[in-house]
Structure formats: C-alpha cells, structure tokens
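Q: Following this message is one structure expressed as structure tokens.
The values are calculated or read from the model by the stated rules, or taken from the named source; none is laboratory data. Just so we're clear, the structure is a prediction, and the values are computed from it rather than from any experiment. For neighbour counting, all protein chains shown are included, and Cβ atoms are generated from backbone atoms with ideal geometry for every residue, glycine included.
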Amino acid sequence: MSRIGKRPVELPSGVEAKVSGQTVEVKGPKGTRSFTATDDVTISVDGSTVTVTPRGNSKRAKQQWGMSRTQVANLVQGVTGGFKKELEINGVGYRAQMQGNTLKLSLGLSHEVNFEVPQGVTVTAPKQTEIIVEGSDQQLVGEVAAKIREWRKPEPYKGKGIKYKDEYIFRKEGKKK
C-alpha cells in the first residue's frame, strides 16, 4: 500500500478537474495545467476529490501510484497558489536586475550574464542580491532556479555565489600558516 497514493487529492473551491482517458486537466485561478498518467494507474474525479488507484499488483503499478497522485496534487497547488523559489546572491560586486524579460547578472565574470526568462515563469529581483522565481509549474520553476544558480554556485570558503534562501553552505577552513 502506498501511503501517499491512497490519500485522495482535495479540490479547493474555484478549482475543477476533468479526466479524459489517462489525462487529468485542472483549471483554477492561475490557469490550466494537465498531466498524462501511465496505463498502470486509474484516475477518477468524485465531486471535489481526485483519487488515483493502481491497476494490478505489479511493482511498476505501485511506483506509478504514488508518483501520479503527487503529480495531480502539484497540479492543484500550481493553479491555486503556485510555486516559488528564492535565491540569494553573496559576494562583493555580485548583483542582479531585471530588464524586460531578461535577468542581468553581474557575477565577477569578464562579462555580464543575460538570462532569458522562459514562458510560464516570472522572475523578479526586488533587491540587487535577491531573485524570486515564481510560476504554476513546479518542475519549470525549479529548473529555472537551478539554471540561474548554475552561473555561480556558492563556494565553501567565503560563501560567495548564488544560493537558495534556505540552503546551508558547509564552510571549510582556509589555509593555515
């Protein structure tokens, strides 16, 4: 029994779900999102709940059961509240600013980094040392945040670089005389 899979997904008011074949489409205040499940699970909508059940007792069906339920729950959260990743920039002279649909990063390189923000994600820089990535697709929000962080990962000696707001940087001791 999957502890995650057996719990039904509650649909808040203002959100409606529709199942056609193996595809679930969820509509809410922040847009429409869909997910296509594998043939190992059955998805059904009963009023204000969405339930996912496995077809058969195979290992793959049990794996897909919990994963599919989580994907449906992420669709519901995406169209109601959305997802958010916060990044911090540490380092002398390191800064970020938005210009139109481009994030301009000064990260101590010989050139300025211009990061084009993809469709479906909004990036804001309320301070020069803070970047906020928001959107309704959890996977896309995480991917954009990871690509921004990739330009200058935090280093362990001074902690300079781009890090997630809740990330802990394990510090190393420098050289000794």
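Q: Residue under question is residue 47, and the condition is that it be touching a Leu at 6+ places or on another chain (Cβ under 9 Å), loosely packed, with under 13 Cβ neighbours inside 10 Å and not assigned by TED's automatic domain parsing to the domain that holds residue 148; does it hold?
A: So residue 47 fits the description; yes.
Q: Can you name the residue in the range 7-34 that is more than 21 Å from the chain's Cα centre (by Cα) and touching a residue at least 60 places away in the same chain (Cβ under 8 Å) and is also farthest from residue 82 (Cα to Cα) among such residues?
A: In this case the residue turns out to be 7.
Q: A further question on this structure: Just wondering, is there one or more residues in the range 125-145 that are in contact (Cβ under 8 Å) with a residue 24 or more places away in the chain, under 14 Å from the mean Cα position of the chain (by Cα), surrounded by fewer than 14 Cβ atoms within 10 Å (Cβ to Cβ) and assigned to a helix (DSSP H, G or I)?
A: No: the range 125-145 contains no residue that is in contact (Cβ under 8 Å) with a residue 24 or more places away in the chain, under 14 Å from the mean Cα position of the chain (by Cα), surrounded by fewer than 14 Cβ atoms within 10 Å (Cβ to Cβ) and assigned to a helix (DSSP H, G or I).
Q: Now for a different question. Restricting attention to the range 77-93, does a residue exist that is assigned to a helix (DSSP H, G or I), of a type in the set (A, V, I, L, M) and either under 23 Å from the mean Cα position of the chain (by Cα) or within 20 Å of residue 145 (Cα to Cα) (or both)?
A: yes
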